[in-house]
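What follows draws every value from the coordinates through simple rules; no lab data is involved. Note that the structure is predicted; figures quoted are calculated from it, not measured. Please note: Cβ atoms are built from the backbone with ideal geometry, for glycine as well, and neighbour counts cover all protein chains shown.
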Amino acid sequence: MEMNRKHLTAILLALSCSSIIATSAQAQLQLEIAKSPDASAPKIAIVPFDSDEKIYTIVESDLNHSGKFTSASKNLPATSTLNSIDANSWANASVPYVVVGKVSQPDPNSYQIHYQLFDVEKKQFLLNEVLTAPVSRIRQAGHTISDAIYQALTGIQGSFSGKIAYVLRNPNVPDQRYTLQVADTDGERPITVLASHYPILSPTWTPDGKSIGYVSFESKRPRIYLQDLSTGQRQVLTSYPGLNGAPSFSPDGKSMLFTGSMDGNPDIYQMNLETRQIERLTKDTAIDTEARYAPDGKSFIFTSDRGGSPQIYRYTFDNATVQRLTFRGTFNARSTLSADGRKLAMVSRQSGSSFKIAIQDLNSGVYSVITPTTLDESPSFSPNGQMVVYATQEGNRGLLSIVSLNGQFKMNLPSEQGEVREPAWAPK
């Protein structure tokens, strides 16, 4: 019990003495495929686009680490271009889907990408689209194409064009030992949002994806800040005596949950972001922390040791009732909900000292551990609910990993510049 309370107390604290910058970072994450889909996953061939050296490789990489397909883009059985695909050759090679395209540059500032997705069995185009993109957003264009292809084949929105926020710890740069960064989901195009000599924890996106909340210790006590990503401007949201931690923004962007101890015990509070008025929601003698709004805004989940060990609970706003959600294992914390509110991701310990990422279906109660590693933390769902990003330790490397919900696909995102922690997938 005492060890669990210490662990929860450690979760609450975030030290951050910061200077704000918004420049391209050199600490790019390196994408490593750790586990590929099995042979039953359908093959998809991304044929090199005409007059292009960048876009098709982005699309190929995205779909290859989607967890849904396997790449068939090497040793292509036939030459294929726009409106010219030999279906029989692809069928003989057991490749059911083919992507072709062409890139042109109508002016110095933009590209025009014409791409097609072909269904070999049906012998028809599932997509035949033209996309115009500024030269500066060529990677974004590739991710957008990947999203469209993924949705056409699965019926589920793609998440390749999204962003992930994370904290990079680099002990070799004392003045910027900790940086809050935002990058594409494949680790490319990292931007430094915040640099600090001290640790940064709990980055949390606003529902519009335009700002990030975090905790700072600049005035010798923790404060919650909100920072606009486009301007770098920030504001203090909480500066109460004691703890100010674990922010979470409501789906409508009007309120924020946070952990506070101004009344003597760590509890969950809600702030009206317009009036800055706060309301204490939990009033238990236990430690209550890590609140996260449900997607419909009618409830929130949080971690509490009120039952003797850290477990996940749900608080319903209408009647102020609290319901315990997790019963498996001796420790469940750092929980988050999928965008549809049906699945719960958490850090779970069944026994011993192994902390893994587990998924619980809130309708059926089915519980499954999806990670092979043993020191996992901070899970965050992709917007489409098909993947989870989390921080882990492999050997002497602190890195991010992205895993599919069935555990059949996994990729790592380490950095050569230090340890990567505290991931948060941006909302769609």
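Just a few scattered comments:
- Cross-link reach is defined here as a Cα-Cα straight distance under 17 Å, omitting same-chain residues fewer than 8 places apart; for Lys102 the aspartates and glutamates meeting it are Asp50, Asp52, Glu53, Glu60, Glu129.
- Acute angle (nearest 10 degrees) that the helix 138-154 long axis makes with the longest principal axis of the chain, alpha-carbon atoms: 90 degrees
- Size descriptor for segment 281-428, Kirkwood hydrodynamic radius: 15.7 Å (Cα pairs only, one decimal).
- The alpha carbons of segment 258-316 stretch over 37, 29, 14 Å along the principal axes, in descending order.
- In terms of Cα atoms, the Rg and Dmax of segment 91-163 work out to 13.6, 42 Å.
- Semi-axis lengths, largest first, of the ellipsoid equivalent to segment 245-361 are 24, 17, 12 Å, with √(5λ) applied to each eigenvalue of the Cα gyration tensor.
- Subset of Lys35/Lys74; Lys43/Lys410; Lys210/Lys283 violating a 28 Å alpha-carbon distance limit: Lys210/Lys283
- Kirkwood Rh in Å, taken over segment 347-428 so that all alpha-carbon pairs contribute: 13.1 Å
- Once Rg and the Kirkwood radius are both taken over the C-alpha atoms of segment 136-279, their ratio Rg/Rh works out to 1.04.
- Helix 55-64 axis versus longest C-alpha principal axis of the chain: approximately 60°, rounded to the nearest ten.
- Here segment 75-224 was treated as a single set of alpha-carbon atoms; its pair distances binned every 10 Å from 0 give 10, 26, 25, 18, 14, 6, 1 percent.
- Calculated on the Cα set of segment 50-91, radius of gyration then Dmax: 11.7, 29 Å.
- Whole-percent pair-distance distribution, where bins are 5 Å wide, for the alpha carbons of segment 30-162: 2, 11, 21, 24, 21, 13, 6, 2, 0
- Expressed per residue, the C-alpha convex hull volume of the chain stands at 155 Å³.
- In terms of packing, defined here as the mean over residues of other Cβ atoms within 10 angstrom, the peptides 357-367, 400-410 line up highest first as 400-410, 357-367.
- Within a straight-line Cα-Cα reach of under 17 Å, Lys356 can be paired with the following aspartates and glutamates, leaving aside sequence neighbours fewer than 8 residues apart in one chain: Asp376, Glu377, Glu394, Glu422.
- Prolate/oblate/rounded label for segment 151-201 (Cα gyration tensor, a/c 1.5): prolate
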